[in-house]
Amino acid sequence: MNTVYILWLRQLKKYLRSTPRIIGSLGQPLLFLLVFGFGFGSIFAKAGEGSYIQFLVPGIVAMAVIFTAIFGGIELIWDRQFGFLKETMVAPVSRFNIMLGRTIGGATVSVIQGIAVLIISFFVGFKMHNPLMIFPALVFMFLTAFFFTALGTSIASRLMDMQAFPIIMNFLVMPLFFLSGSIFPLENAPKALQILSKVDPLTYGIDGLRYVFEGVSSLNPWADLVYLLGFSIIVFLVGRFLFERMEA
Amino acid sequence: MSKIIEVKNLNKKFGDFTAVNDISFSVEKGNIFAFLGPNGAGKTTTIKMLTTLLPPTSGNVKVNNFDLNTDRDEVRKSFGIVFQDPSLDDDLTAYENMNFHAVLYGVPKEEKEGRIEELLRLVDLLDRKNDYVKNYSGGMKRRLEIARSLIHNPEIIFLDEPTVGLDPQTRNHIWSYVVDLSKRKGVTVFLTTHYMEEAEKMADKIVVIDHGKIIGSGTSDSLKKDTGAESLEEAFLKLTGSEIRHDEAGSLDSLRTHARVWGRTRR
């Protein structure tokens, strides 16, 4: 347990000490929030869907979470290249605990980032229907973050350098983001899109967040939770398998 | 004297390439043991196998009487290591790096603080313990790594080219810590170096490896006698030839470039 704790603490300290990183990773979600939020707001309202900001914020919070999380996972490459990974890999501790500590650490940092975006969104007019629902919101944010950190770690355990990072962002993370119903409702989307969105774990994360923030969602929030948990466990186990076979 | 490391018929193949070819040797407890060879000879691959970072293709290895294949965690507890490349977290302080290690190795809480302080004093870094490692010089980082590798009171310490790129003053300093450790605490030292005079001065036993095979072993004197050489350097060159070796282009170089492009601030 100490192993998990010290690895978690390390991620957290590194994050809090890196102000440029905190500000930098707020940039993109805020840009999306402002540009889409105000740009599409009136069309969305005219289409009879209500307030676009209310619709968009859960997606943007999730965006901050997943981008930070995937990067947190990919950071493994940096630890390998700068040698710190070897220091953890020669220690008499299980690979499982190392992976778990890293993943929980990365996920925690991502949740903090998501909360920061949520706070900012209150200033552009976002309202939660029940402030107490912040607690289940944290659960959905954490599970989403956990999934993407574990995904990033799995990918990083097979990559030797950072060159593939833009490919991962453009061909994996961005599609997962857009397919999840983060910035437009999926109900009236083409069938193909709807089917793809069903296998996108982020769909359930965002649907769950919509439920806790606004009290409405397209799926049952408990089903969202179960799917998200299932996806997270699967990707964590895959990641663990890859991590154990990785060369430091 | 008892053997603390025993290697029998150790092999490592990467595809068709044999990096380590059926080597056998042993290290006596409390000795300073030098493992020498030109670049690409198989030194680092061997150390990686002995320290559980790389599974051997075949062979038997016992470290501190524990079998490398079956008692991996016991083997891990038995040694400390200073890697060829730096392995500190630059964004943490010296103390935090030490503490991280102590927690991973399960050093009891009540002993931890005392040991960290003692070791930081040993390497003259106690007054800098709350500085970020990124502000340390190369020599200070090395000293910190040596201190870190000793927190869990290992029986053996592996030093993979610990003095590369350091000025003579720092090199001297580091070797004096090492000799001191070996003499005072009976820690077995397993080292590699390209500075033959360092090995000549300090090592109780020397093994020379080239192209994955052991091509000479003994004391500095016996190696000189066997090859009819005046110095260990000459003996080494006679054993390994004077052709220049191609070192593998480090992926680290390309990553450093990338790290700059991506902005190191993200770390």
* Cut-off 20 Å (backbone N to label point 7 Å along Cα→Cβ of B:SER58), residues of the stretch B:198-212 -> B:211-212
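Using only alpha carbon positions, build the gyration tensor of the protein assembly as shown, then give the equivalent ellipsoid semi-axes as the square roots of 5 times its eigenvalues, largest first, whole angstrom.
So the three semi-axes of the protein assembly as shown are 53, 22, 20 Å.
Can you give the extra length, in nm with one decimal, that the chain gains between B:GLU234 and B:ASN172 once fully stretched, where that is 0.36 nm per residue apart less the Cα-Cα distance? Could the numbers behind the result be given before it?
Details: separation 62, 0.36 × 62 = 22.32 nm, distance 2.20 nm.
Gain on stretching B:GLU234 to B:ASN172: 20.1 nm.
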* **the protein assembly as shown - charge dipole about Cα centre, Lys and Arg +1 at Cβ, Asp and Glu -1, debye rounded to 20** => 820
* Taking the Cα centre of the stretch B:3-261 as origin, sum charge times position over the Cβ atoms of Lys and Arg (+1) and Asp and Glu (-1), and report the length of that vector in debye to the nearest 20. => 360
* Asked: Over the Cα atoms of the stretch A:171-248, how large are the radius of gyration and the largest Cα-Cα distance (Dmax), in Å?
  -> 14.6, 48
* Provide Rg and Dmax in Å for the stretch B:1-98, with only Cα atoms included in the calculation. => 14.8, 44
* Structure fact -> D (µm²/s, integer) via Stokes-Einstein for the stretch B:126-168, Kirkwood Rh across alpha-carbon pairs, 4 °C, 1.567 mPa s: value 111
* Label-point separation, B:GLU110 to B:ARG184 (7 Å along Cα→Cβ), nm -> 2.5
* Would you mind ranking B:VAL133, A:VAL238 by Cβ crowding within 10 Å, fewest neighbours first? => A:VAL238, B:VAL133
* Asked: For the residue pair A:ILE43 and A:LEU16, what label-to-label distance in nm results when each label sits 7 Å from Cα along the Cα-to-beta-carbon direction?
  -> 4.3
* Starting from the Cα gyration tensor of chain A, multiply each eigenvalue by 5, take the square root, and state the resulting semi-axes largest first in whole Å. => 32, 18, 17
* Dipole of the stretch A:2-244, Cα-centred, from +1 at each Lys and Arg C-beta and -1 at each Asp and Glu C-beta, to the nearest 20 debye? -> 480
* **Whole-Å semi-axes of the ellipsoid equivalent to chain B (Cα gyration tensor, √5λ, descending)** => 30, 22, 20
* Using the number of other C-beta atoms within 10 angstrom as an exposure proxy, rank B:SER231, B:SER58, A:SER217, A:SER232 with the fewest first. => B:SER58, B:SER231, A:SER217, A:SER232
* Structure fact -> Check: C-alpha center the stretch B:26-42 vs C-alpha center the stretch B:154-221, spacing in Å is 8
* To do: Could you work out which residue, out of A:LYS198, A:LYS127, A:LYS46, moves most in a Gaussian network model of chain A, that is, has the largest mean-square fluctuation with Cα springs under 10 Å?
  => A:LYS46
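Any read-out appearing in this document is the output of simple, stated calculations on the displayed coordinates, not a laboratory observation. Values in this document were obtained by computation on a predicted structure and should not be read as measured data. Quick reminder, even Gly has a Cβ in these numbers, built from the backbone with ideal geometry, and neighbours come from all protein chains shown.
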